[in-house]
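Student: Please find one structure pasted underneath; my questions will follow.
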Amino acid sequence: MSIAHAADMAYAAAPSPGTSGSGSAMVQILFLAALFAIFYFLLIRPQQRQRRQREVMLSAVKRGDKVVTTGGLYGTVVGLSEHSVVLKVADQVKLEFERSAIGRIVAQGEKEGA
């Protein structure tokens with residue numbers, strides 16, 4: 001390939017002098033905006049919703065609720081504080097956990113371990 005031939009190819013690939021290239025910049029901006037929207041609706045928004053639902057569930061825990069910890073331990077809430085919860089897991093056996101260790105509240109009709 002000669003130098004003259006390479007120069008002709010570079011000249012052909014360059015944008016024409018009449019265009020400023022703002023069209024391609026606008027396409028890039030729209031592409032990035034669309035990409036951000038996809039990430040927002042598929043990742044960020046569902047995580048925020050789950051976090052809000054979990055905070056509501058943790059604040060609604062009360063004495064007498066049957067709960068399951070994130071480790072899979074079933075128990076009944078017998079004591080609460082701002083940051084911890086005391087669970088009765090068997091007769092004369094009470095364990096203290098962080099409130100955030102509660103995985104879910106067991107529904108009234110649901111059997112433990114099922």
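Readers should treat all values here as calculations from the given coordinates under stated rules, not as data from a laboratory. Nothing here was measured: the structure is a model prediction, and the numbers come from that model. In this analysis, Cβ positions are derived from the backbone assuming ideal geometry, glycine residues included, and neighbour counts consider all displayed protein chains.
Student: Which residues, counting only those in the range 50-66, are under 23 Å from the mean Cα position of the chain (by Cα) and not in a helix (DSSP H, G or I)?
Tutor: Let us first name the residues in the range 50-66 that are under 23 Å from the mean Cα position of the chain (by Cα), namely 50-61.
Selection gives A60, V61.
Student: When both residues are 6+ apart or on different chains and their Cβ atoms are under 7 Å apart, which pairs have a first residue that lies in the range 88-104 and is among the acidic types (D, E), and a second that is part of a strand (DSSP E or B)?
Tutor: If the second residue must be part of a strand (DSSP E or B), the pairs left are E96/S84; E96/V86; E98/S84.
Student: Out of the range 67-76, which residues are under 28 Å from the mean Cα position of the chain (by Cα) and either exposed (fewer than 12 other Cβ atoms within 10 Å of the Cβ) or part of a strand (DSSP E or B) (or both)?
Tutor: Within the range 67-76, the subset under 28 Å from the mean Cα position of the chain (by Cα) is 67-75.
Of everything in the range 67-76, those that are under 28 Å from the mean Cα position of the chain (by Cα) and either exposed (fewer than 12 other Cβ atoms within 10 Å of the Cβ) or part of a strand (DSSP E or B) (or both) turn out to be V67, V68, T69, G71, G72, Y74, G75.
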